[in-house]
Amino acid sequence: MEAPLKLDQLRTAVRSGEVDTVLLAFTDMQGRLQGKRLTATHFLDEVAEHGAEACNYLLAIDVEMNTVGGYAMASWERGYGDFEMKPDFDTLRLIPWLPGTALIVADLQWGSGEPVVASPRQILRRQLDRLAERGLEAVAATELEFILFKTPYDEAAHRDYRDLEPANLYNLDYSILATSRVEPVIRRIRNEMAGAGFTVVDSKGECNLGQHEINFEYGPALSTADEHSIYKNGAKEIADQEGHSITFMAKFNEREGSSCHIHLSLQKDGKPVFADDAQAFDRFVAGQLACMRELTLFFAPNINSYKRYADGSFAPTAVAWGEDNRTCSLRAVGHGAARRIESRVPGADVNPYLALAALIAAGLHGIDGELELEPPCEGNAYTSDKPRVPKTMHEAADLFRESTVAREAFGQEVVDHYLNYAAVELAAYDSAVTDWERRRGFERL
């Protein structure tokens, strides 16, 4: 049984004892799955029709699950009430790596039935609706890199994330020999994602020690974001079951960071737009260039995200586009029906719903404004005179705050919500004393 799993199929699986648990989950601001484990019978009897409640603080916390101030939708003053998780039955699937378990993604709404507009899935839905008004659809694929460690999660925490053992000890980019050494873990992830209904394309080694990538077939943008979140959570669970750990940090150490390149194109009536409409492609890409700096907060949502942007690292620093040019932040690839744009700005810590929403909003800005596309960057974009990707979260937040495009595309409530998210993270970071400071200053200062 593959996704989408029909409700009648789930009922049959529950009666036979094949399924006893249903995960009802949504993706939070930090890109993590949150929700409830429901007995399968309760899900079928009650939740399938009516949904389930969750505390609205889940969209008003920091990465460590601390309640923080500044959010309009949830606070101590407002009593931290509930929002409702409404199952989206297009997402129902079995989860092979968890015995007897199915999963379904939820949309968030208030008790009145109004959507929770600051939820990442709703933010993407709004941009997809804007495309639909023009008769367009977005198809996308995300390419998530990660670093695999032989150190289990609990042991890594006890070590304070120091002296972890990477699964490979040298640059394994495209190496068959090096990837064979961890094939039992990577193969299990590939196969069990396929068992969950994902169309797995390939896996390969990357440059950093223990760094790998598993790729999936492109699909509708919303499904791609859903599957990205489920895969990221599932890969960690499978690694943990195998006595390993995985990090999707954008920059774990001073070597190569972990990216999440996003491939995106448009369709109309099921046919690729960019294949026959060069003007639409040009305006869509021109919009990306025009909006990239002011929307970077949705591509790089954490302090650590900005450590990845380094010259000569395959992570972009220049706001530029080029034909099959990996030094640019936007790489045009493919021909004919496969013509698409690859955004190289997001890291592996990205929230896929927010990044896809930002790419669509930028593209629509270019199409609606009939923006002209500059010539492609030839040669090394790192040494070009092009504008630069923001280097800090401070800079990205300031640009997002002043962005007319962000307010018009997402609404002021969303802009304010994610500006507060940035402010909370910046305040936490600015008050922290780091190992780097201790090493430099303990004796010598």
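The values are calculated or read from the model by the stated rules, or taken from the named source; none is laboratory data. Since the model is a prediction, treat every value here as computed from it, not as a measurement. For neighbour counting, all protein chains shown are included, and Cβ atoms are generated from backbone atoms with ideal geometry for every residue, glycine included. All accessible areas refer to the heavy atoms of the entire protein, side chains included, with ligands and DNA or RNA removed. Shrake-Rupley method; radii C 1.70, N 1.55, O 1.52, S 1.80 Å.
The table below gives the values:
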{"item": "Identity of the residue in the range 172-184, closer than 17 Å to Ser245 by Cα and not in a helix (DSSP H, G or I), that ends up nearest to the chain's Cα centre (by Cα)", "result": "Val182"}
{"item": "Pairs where the first residue, in the range 149-168, is farther than 25 Å from Lys204 by Cα and of a type outside the set (S, T, N, Q) and the second is open to solvent by less than 30 Å² (accessible area, probe 1.4 Å) and modelled with pLDDT of 95 or more, C-beta under 8 Å, 6+ apart", "result": "Arg159/Thr151"}
{"item": "Flag for Ala239 being farther than 19 Å from Ala362 by Cβ, open to solvent by less than 10 Å² (accessible area, probe 1.4 Å) and more than 12 Å from the chain's Cα centre (by Cα)", "result": "yes"}
{"item": "Looking only at the range 257-269, and only at residues there that are touching a strand residue (DSSP E or B) at 6+ places or on another chain (Cβ under 8 Å) and in a loop (DSSP other than H, G, I, E, B), the one that is nearest to Tyr309 (Cα to Cα)", "result": "Gly257"}
{"item": "Qualifying residue in the range 205-216 (condition: open to solvent by less than 20 Å² (accessible area, probe 1.4 Å), hydrophobic (A, V, I, L, M, F, W, C) and in contact with a Pro (Cβ under 9 Å, 6 or more places away or on another chain))", "result": "no"}
{"item": "Qualifying position, being at pLDDT 95 or above, part of a loop (DSSP other than H, G, I, E, B) and under 28 Å from Ile123 (Cβ atoms), among Ala280, Ala315", "result": "Ala315"}
{"item": "Selection count where residues are hydroxyl-bearing (Ser, Thr, Tyr) and either surrounded by 17 or more Cβ atoms within 10 Å (Cβ to Cβ) or touching a Lys or Arg at 6+ places or on another chain (Cβ under 8 Å) (or both), scope the range 15-34", "result": "2"}
{"item": "Residue within the range 88-106 that is closer than 30 Å to Thr12 by Cα, open to solvent by 50 Å² or more (accessible area, probe 1.4 Å) and of a type in the set (A, V, I, L, M, F, W, C) present", "result": "yes"}
{"item": "So Asn233, is it open to solvent by 20 Å² or more (accessible area, probe 1.4 Å), in contact with a Leu (Cβ under 6 Å, 6 or more places away or on another chain), modelled with pLDDT of 95 or more and closer than 27 Å to Asp163 by Cβ", "result": "yes"}
{"item": "The lone exception for Ser403 - which of (1) modelled with pLDDT of 95 or more; (2) surrounded by fewer than 17 Cβ atoms within 10 Å (Cβ to Cβ); (3) more than 30 Å from Lys236 (Cβ to Cβ) it fails", "result": "(2)"}
{"item": "Selection status of Val333, open to solvent by less than 50 Å² (accessible area, probe 1.4 Å), out of contact with any Leu (no Cβ under 8 Å at 6 or more places or on another chain), over 25 Å from Asn420 (Cα atoms) and aliphatic (A, V, I, L, M)", "result": "yes"}
{"item": "Residue match in the range 354-366 (condition: out of contact with any Ser or Thr (no Cβ under 7 Å at 6 or more places or on another chain) and open to solvent by 10 Å² or more (accessible area, probe 1.4 Å))", "result": "yes"}
{"item": "Top-ranked residue of the range 298-325 - restricted to ones that are out of contact with any Lys or Arg (no Cβ under 7 Å at 6 or more places or on another chain), open to solvent by 20 Å² or more (accessible area, probe 1.4 Å) and not acidic (Asp, Glu), ranked as nearest to Arg32 (Cα to Cα)", "result": "Asn302"}
{"item": "Residue that is least open to solvent (accessible area, probe 1.4 Å) [pool: residues in the range 254-297 that are more than 25 Å from Ala396 (Cβ to Cβ), over 19 Å from the mean Cα position of the chain (by Cα) and among the small types (Gly, Ala, Ser)]", "result": "Ala280"}
{"item": "Residue in the range 63-84 that is more than 30 Å from Arg407 (Cβ to Cβ) and in a strand (DSSP E or B) present", "result": "no"}
{"item": "Candidates Arg125, Arg187, Arg130 - the one that is in a helix (DSSP H, G or I) and under 24 Å from Glu237 (Cβ atoms)", "result": "Arg187"}
{"item": "Subset of the range 406-445 [touching a Leu at 6+ places or on another chain (Cβ under 7 Å), within 24 Å of Leu128 (Cα to Cα) and of a type outside the set (Phe, Trp, Tyr)]", "result": "Ala406"}
{"item": "Residues being surrounded by fewer than 19 Cβ atoms within 10 Å (Cβ to Cβ) and farther than 11 Å from Pro87 by Cβ - total across the range 47-61", "result": "2"}
